Amino acid sequence: MKRVFIDIETIPTTSPEEMADIAAKVIAENAALKKPHDADEVKRRVDEAHRKTSLDGASGGIVVIAAAVEDGPVVSWQRPAGVDDNEGEATTLRTFRDDIGKLLNGETGLLIGHNALGFDRPFLRHRSIVSGAWLPAWMTAALKPWDAVDVD
């Protein structure tokens, strides 16, 4: 099993439908308050709720993945510009999967990174499901801190 050091960079949703839903929800919550807020406060709350989607694998997206296998060089994969966001992310995930597979040369990897278990793995898992770009189980299995880490 080879160590794969990883980090991902995420962005908030770019879906106009999801952004409209966020705005509608914040406006409805604001209307329910006893003391309504001004338009600037509502806009601030909408912006904050939108930014938080970058931490949600069901809504946010991956724009960059960086990884290194063992002591090898750091390689990065970026979502291509000018391509539909969902297809661009799917392409990025597939290329990442294929390239890491080649770097591992048939071996299983062990993901290592800052908060990889709490954030990167679940986010990769969610985005691979949403985009249909399936990643290997060793990379995306839902693990708890007390679980065994070697997943084939």
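Here are some notes:
- Heavy-atom accessible surface of region 18-82: percent carbon and sulfur, 1.4 Å: 58
- Computed over region 45-110, the percent of Cα pairs more than 15 Å apart is 62.
- 28 Å Cα cut-off, lysine pairs counted over the chain (separation 8 or more, or different chains): 13
- Rolling a 1.4 Å probe across the protein heavy atoms gives the chain an accessible surface of 59 Å² per residue.
- Extension gain (nm, one decimal) between D84 and I11, 0.36 nm per residue minus Cα-Cα: 24.8 nm
- Segment H114-K102, length gained on full extension (0.36 nm per residue, minus Cα span): 1.9 nm
- The computed Kirkwood radius over Cα pairs in Å for the structure shown corresponds, within (1) 17.0; (2) 16.1; (3) 18.6, to (1).
- Ranked by the mean number of other Cβ atoms within 10 Å of their residues, highest first, the peptides 17-30, 70-83, 50-63 fall in the order 50-63, 17-30, 70-83.
The values are calculated or read from the model by the stated rules, or taken from the named source; none is laboratory data. What you see is a predicted model; the values in this text were computed from it and never measured. Positions of Cβ are generated from backbone atoms using ideal geometry, with glycine treated the same way; all protein chains shown enter the neighbour counts. We work out accessible area using only protein heavy atoms, side chains counted, and drop any ligands, DNA or RNA first. Shrake-Rupley method; radii C 1.70, N 1.55, O 1.52, S 1.80 Å.
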